[in-house]
Amino acid sequence: MLALPTLPLLLLLLLAGCTRAAYKLQERYSWNQLDFAFPNERLKEQAIAHGDYIPQNGLPVGVEHFGNRLFVTVPRWRD
């Protein structure tokens, strides 16, 4: 059971968390489709022709910020 003095502290932390969750992120960049750097255009066209690379299927599912870098996770979907 929680001691009575810790209850106000927990309420304060909960309120601070709710206030922080309402913060809106500022959009810096946006794009409609992800594209990857292939060694050359021929290899890219070959991958598209064989179905190994489908540009419309590049869906970012995770984003992490570390330092001054942004890491975007794009899984390799399997059939």
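The values are calculated or read from the model by the stated rules, or taken from the named source; none is laboratory data. Quick caveat, the model's predicted, so the values are computed rather than measured. Positions of Cβ are generated from backbone atoms using ideal geometry, with glycine treated the same way; all protein chains shown enter the neighbour counts. Protein only, heavy atoms only, side chains kept; ligands, DNA and RNA dropped before computing areas. Shrake-Rupley method; radii C 1.70, N 1.55, O 1.52, S 1.80 Å.
Give just the number: which of (1) at pLDDT 80 or above; (2) open to solvent by less than 80 Å² (accessible area, probe 1.4 Å) does G17 not satisfy?
Of (1) at pLDDT 80 or above; (2) open to solvent by less than 80 Å² (accessible area, probe 1.4 Å), only one is false for G17: (1).
What's the number of the condition E64 fails, among (1) outside any loop (DSSP other than H, G, I, E, B); (2) open to solvent by less than 100 Å² (accessible area, probe 1.4 Å)?
With respect to (1) outside any loop (DSSP other than H, G, I, E, B); (2) open to solvent by less than 100 Å² (accessible area, probe 1.4 Å), E64 is out only on (2).
Just name the residue that is modelled with the highest pLDDT out of those in region 20-43 that are in contact with a helix residue (DSSP H, G or I) (Cβ under 9 Å, 6 or more places away or on another chain) and open to solvent by less than 80 Å² (accessible area, probe 1.4 Å).
In this case the residue turns out to be F38.
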